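Working notes for the structure below.
The values are calculated or read from the model by the stated rules, or taken from the named source; none is laboratory data. All of these numbers come straight from a predicted model, not from anything done at the bench. With ideal geometry, Cβ positions are generated from the backbone for all residues, glycine too; neighbour counts draw on all protein chains shown. Side chains are part of the model used for accessible areas, which takes the heavy atoms of the whole protein and leaves out ligands, DNA and RNA. Shrake-Rupley method; radii C 1.70, N 1.55, O 1.52, S 1.80 Å.
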Amino acid sequence: MKRKARALRQILYSSTVDFALEAHNGISAKIVEKAGFPVIWGSGLTISASLGHRDCNEISWTNLCDQIEYMVDGTSIPLLLDGDSGFGNFNNVRLLIRKLCKYDVGGVCLEDKLFPKTNSFLPYHQTLAPIDEFVGKIKAAKDTQTDEDFCVIARIEAFIAGLGLDEAIARAYAYKEAGADAIMIHSKQSSLIEIHQFCEAWDHSIPLVIAPTTYAPSNPEVYKKLNVSLILWANQLLRASIQAMYHAAKSLFETQTPHAMHPTIASMQDIFNLVEQKELEQAEEKYGTHTSSPIS
Ligand code: SPV
Ligand code: MG
């Protein structure tokens, strides 16, 4: 049993509504933890984008695992990985799960689209995997995990594919039956309408996860009424940093001095703090030869 998977399981199964924030590399994962979030969402969209790639399985699952390793090693809260559609068939899912358990990842979210997947917000036709094929992937994931607390979340894309409530509910029960630890229901509506319908029709026998990118209500009390367990802020940190980087790059290019931007950017000390430079100084005192100790 590993601590991080156990923590994620407890969060999913607790009676409170909890929030996870997206991270896409080591430093953003540290920021998510420092801000107070109990879970990191390892977003496929933002990890791909941060590497300059599209959210269409352009980066390999081993590229993804390299990023994840930095994120997990640098933080103490659980990471829930966006495992897309599993990077192939049930066998690819097994390889992925084996690696994630080795890396102390808390859980994976697998979606019932085909490989290669396409981001749910793109205006393309989305094809879902047949139910039995996706059920096989969930079973393969559950049978492969080497940590009993590792969480496999089955993500339903029926609304995204325009297939409606009945299809979404049928899939939810099939995935629960296959052993999923939680269901994620996704929607790209601008209101909560589909999520509402699903929450009314579903028996909530396992926890429910949502990612309200387009339909977030202004009052978070709504989530409690919907009986949702975990909310994923799936992309906001990368979006914030893209905006900040554009501003900074433009300002430097136009003014040829960093003075104007100084009040709006992190200090050098902020960077040292995030990577815990102090800890190395203390270790140097204990184990080193004092070659990198502070001058004073
Ligand atoms: C991601 O963050 O990669 C997701 C969530 O899958 S979304 O982009 O909202 O579909
Ligand atoms: Mg994704």
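Filter the stretch 24-62 down to the residues that are among the small types (G, A, S) and either more than 17 Å from V209 (Cβ to Cβ) or at pLDDT below 95 (or both) and list them by number. If you could, list the steps in order and put the result at the bottom.
We begin by selecting, within the stretch 24-62, every residue among the small types (G, A, S); these are 26, 28-29, 35-36, 42-44, 48-50, 52, 60.
G26, S28, A29, A35, G36, S48, A49, S50, G52, S60, listed by residue number.
Among the conditions (1) at pLDDT below 95; (2) open to solvent by less than 10 Å² (accessible area, probe 1.4 Å); (3) not polar (S, T, N, Q), L110 misses just one, which is (1). Taken together, I97, I40 contain a single residue that is within 16 Å of ligand 2 (Cβ to nearest atom) and open to solvent by less than 10 Å² (accessible area, probe 1.4 Å), which is I40. Is there any pair linking a residue in the stretch 220-235 that is of a type in the set (G, A, S) to one that is surrounded by fewer than 20 Cβ atoms within 10 Å (Cβ to Cβ), with Cβ under 8 Å and at least six apart or on different chains, and which? So the pair list comes out as S229/Y13; S229/S14; S229/V17; S229/D18; A234/T213.
Considering only residues in the stretch 118-134 that are part of a loop (DSSP other than H, G, I, E, B), away from ligand 2 (no atom under 11 Å from the Cβ) and of a type outside the set (G, A, S), the one that is surrounded by the fewest Cβ atoms within 10 Å (Cβ to Cβ) turns out to be P123. The single residue among A172, A161 that is part of a helix (DSSP H, G or I) and open to solvent by less than 60 Å² (accessible area, probe 1.4 Å) turns out to be A172. For F115, the requirement of being part of a loop (DSSP other than H, G, I, E, B), more than 13 Å from ligand 1 (Cβ to nearest atom) and aromatic (F, W, Y) is met. In the set (1) within 21 Å of I31 (Cα to Cα); (2) in contact (Cβ under 8 Å) with a residue 24 or more places away in the chain; (3) open to solvent by 80 Å² or more (accessible area, probe 1.4 Å), H247 fails one condition alone, (2). Taken over the stretch 33-62, the residue count meeting the criterion of being in a helix (DSSP H, G or I) and away from ligand 1 (no atom under 13 Å from the Cβ) is 5.
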